[in-house]
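Just below is one structure, and these are the notes that go with it.
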Amino acid sequence: MLRGEKVGLRARHEADVPVLHAGLHDDVVARMRTDSRPWQPALPASPHSPFAVTEPSESAVPFSVVRLDSDVLVGAALLWGIDTHNRSAHCGLSLLPDARGHGLGTDVVRVLCAYGFAVRGLQRLQVDTLADNAPMIAAATRVGFTAEGTLRRSAWIHGGFADAVILGLLAEEWEDTQ
């Protein structure tokens, strides 16, 4: 398990899937805000569930997020779009509704950065999020990410277009904060 101050990132367990699926996938609008692909119904036990237990791949590493003080499942995190040639990847996370607003997101981003930079040897991490996702932007900024740009009307969200923002962090910037 990768440990932060408040959270741990560990392999996904089969028992995590129904909890994550109910809390993060079944809320259609919330799910549309976290995934660029169209929402589709899927059963928790289906291999098509976005939280299905899978083996890590060269391009994506999924984690379950647990509170260290209780070992309670609080969300999902992901290093995705891993590009081993350019040594870059994207960070993503989704916290269950009851886990939001407790500073866990910032800790998850820190742990993802430690994994990406120290374990994987990447040189750049990126966060892509909706421009109105203030909690994610704040968490990434607290960790050291820099706003790099806005993609105007680039995300189709429940019947309308929304702006997305790109934030980036380089390995040497992260090392300066450690």
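The values are calculated or read from the model by the stated rules, or taken from the named source; none is laboratory data. Note that the structure is a prediction, hence the values are computed from the model and not measured. For neighbour counting, all protein chains shown are included, and Cβ atoms are generated from backbone atoms with ideal geometry for every residue, glycine included. Areas reflect the complete protein model, heavy atoms only, side chains present, ligands, DNA and RNA absent. Shrake-Rupley method; radii C 1.70, N 1.55, O 1.52, S 1.80 Å.
Before moving on, here are some points about what is shown:
- Among the residues listed as 11, 30, the single one being open to solvent by less than 60 Å² (accessible area, probe 1.4 Å) and either among the small types (Gly, Ala, Ser) or over 16 Å from residue 96 (Cβ atoms) (or both): 30
- For the condition more than 15 Å from the chain's Cα centre (by Cα) and part of a helix (DSSP H, G or I), residue 17 qualifies.
- In region 133-162, the residues that are closer than 21 Å to residue 117 by Cβ form Cβ pairs under 6 Å with partners that are loosely packed, with under 12 Cβ neighbours inside 10 Å and modelled with pLDDT under 95, at six or more places apart or across chains, as follows: 144/177.
- Residue among 153, 142, 110 that alone is outside any loop (DSSP other than H, G, I, E, B) and at positive phi: 153
- Checked against (1) at pLDDT 95 or above; (2) under 16 Å from residue 36 (Cβ atoms), residue 137 passes all but condition (2).
- Annotation: of all residues in region 122-135 being surrounded by fewer than 23 Cβ atoms within 10 Å (Cβ to Cβ) and within 12 Å of the chain's Cα centre (by Cα), the one that is nearest to residue 166 (Cα to Cα) is 128.
- Considered as a group, the residues in region 140-177 that are touching a Lys or Arg at 6+ places or on another chain (Cβ under 9 Å) and of a type in the set (A, V, I, L, M) include one that is surrounded by the fewest Cβ atoms within 10 Å (Cβ to Cβ), and that residue is 157.
One line per residue, one yes/no per condition, for (1) surrounded by fewer than 18 Cβ atoms within 10 Å (Cβ to Cβ); (2) without any contact (Cβ under 8 Å) to a residue 40 or more places away in the chain; (3) out of contact with any strand residue (DSSP E or B) (no Cβ under 9 Å at 6 or more places or on another chain):
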residue	(1), (2), (3)
23	no, no, no
26	yes, yes, yes
53	yes, no, no
61	no, no, no
64	no, no, no
83	yes, yes, no
87	yes, yes, no
113	no, no, no
116	no, yes, no
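- Index of the failed condition, residue 45 passing every other in (1) exposed (fewer than 15 other Cβ atoms within 10 Å of the Cβ); (2) within 24 Å of residue 1 (Cβ to Cβ); (3) free of Cβ contacts under 8 Å to residues at least 60 places away in the same chain: (2)
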